[in-house]
Amino acid sequence: MQYRSEVVSVAGFVQQIACSYLRHGYWWYVTGRIPAGKDAEVIDRKLVEKYGIGVSESTRARCKQLGMANLQYLRHGRFFAILATKGTHRFFVEENASIRDIRRVPLRIAGYSISYRRGGRTRQGEVDHRWHAHVEIERSRYLEIKAHFLDLALHRSAEKMALAFYELPFEPYAPIRRQLLNLLRSVNQARKVAGYTTLPVEVLPLRRRIVKPFGEWKGPPPDASVKHTPIRLQAEQHILPEPAPMPGPE
């Protein structure tokens, strides 16, 4: 079977790493960008062949038994990542200067920050000491969004603010859900002080879509099985003027 490396969406790229690769020990990585003018598919084949990435599951199991590393390669657009498990491999020699450990240095793509760490809480609220994939909005990007939304909070109706939350381009993994809830809390505090109607938590898209990383991506709107439809809010107590349009978050 041909090795698949090109993912059709940022959501698929993040999901494949966070939900498939990290739990199998692919913790060391390098990232790069294919220069404009280069054929991305040709580069894909060269890298897969160079590092022997496109092998069967049985070969991967055998390599693991022999203490050899296994590799995975992913690309979205011109951005790519090569991930490796623990073991011996020419990858660790040739890419030594660029290799990062995702447990210490998050992999960043399109505003996402992907890492692997201990901690968190179980459903019962107890401390969880196991390792987990951790996907959040990269801090500088989150602060940009927060500043933008706090400005919008005083210049937009509740319905338009609900739409702004709905259009945020991030899948709500658990850390992102917490970020969105904190963002909503800050927006509501600003609106309350100004005497405007606050927003209910239902404006947040808190259910993550499961996408097919390597195909059948149709982009927005979300999967029919998960409807993140913005709710229709009741009439404003204070009618806000409609100022000049402002750009939404990237």
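Nearest 500 deg cm²/dmol is fine: what mean residue ellipticity at 222 nm does the chain get from its DSSP H runs of n ≥ 4 alone, each adding -39,500 (n - 2.57), divided by its residue count?
Numbers: 7 runs with 74 residues, N = 250.
Mean residue ellipticity, 222 nm, calculated: -9000 deg cm²/dmol.
In a GNM of the chain with a 10 Å cut-off on Cα contacts, which of 134, 76, 24 has the highest mean-square fluctuation?
24
Report, as a whole number in µm² per second, the diffusion coefficient that Stokes-Einstein gives for the stretch 60-131 at 10 °C and 1.306 mPa s using the Kirkwood radius over alpha carbon pairs. Mind dumping the intermediate values first?
Details: Rh = 14.7 Å.
For the chosen part, D equals 108 µm²/s.
Send over the Kirkwood Rh of the stretch 62-191, from the inverse of the averaged 1/r over different Cα pairs, rounded to one decimal Å.
On the way: mean 1/r = 0.0564 Å⁻¹.
Hydrodynamic radius (Kirkwood, Cα pairs) of the stretch 62-191 is 17.7 Å.
Springs between alpha-carbon pairs under 10 angstrom, Gaussian network model over the chain: which of 171, 126, 138 fluctuates most?
126
How many lysine pairs does the chain hold where the Cα atoms are under 24 Å apart and the two sit 8 or more places apart or on different chains?
The number of close lysine pairs in the chain is 13.
Read through the labelled values (i) 169; (ii) 111; (iii) 137 and report the label of the one computed as volume of the Cα convex hull per residue in Å³ from the structure.
Given (i) 169; (ii) 111; (iii) 137, the calculated one carries the label (i).
So, with +1 on the Cβ of K and R and -1 on the Cβ of D and E, and no other charges, what is the size of the charge dipole of the stretch 10-137 about its Cα centre, to the nearest 20 debye?
Value, rounded to 20: 240 debye.
Would you give the gap between the C-alpha center of the stretch 184-202 and the C-alpha center of the stretch 1-54, rounded to a whole Å?
42
Could you work out how far apart the two model spin labels at residue 126 and residue 151 are, taking each label as a point 7 Å from the Cα in the direction of the beta carbon, and quote it in nm?
If labels sit at residue 126 and residue 151, their model points lie 4.8 nm apart.
In nm, to one decimal, how far is the residue 100 label point from the residue 174 one, both placed 7 Å along Cα→Cβ?
The answer from the label model is 2.3 nm.
Since every read-out is calculated from the coordinates, none of them should be taken as a lab result. Every value quoted in this text rests on a predicted model; they were computed, and no experiment measured them. A quick note on method: Cβ atoms are made from the backbone with ideal geometry, for glycine too, and the neighbour counts reach across all protein chains shown.
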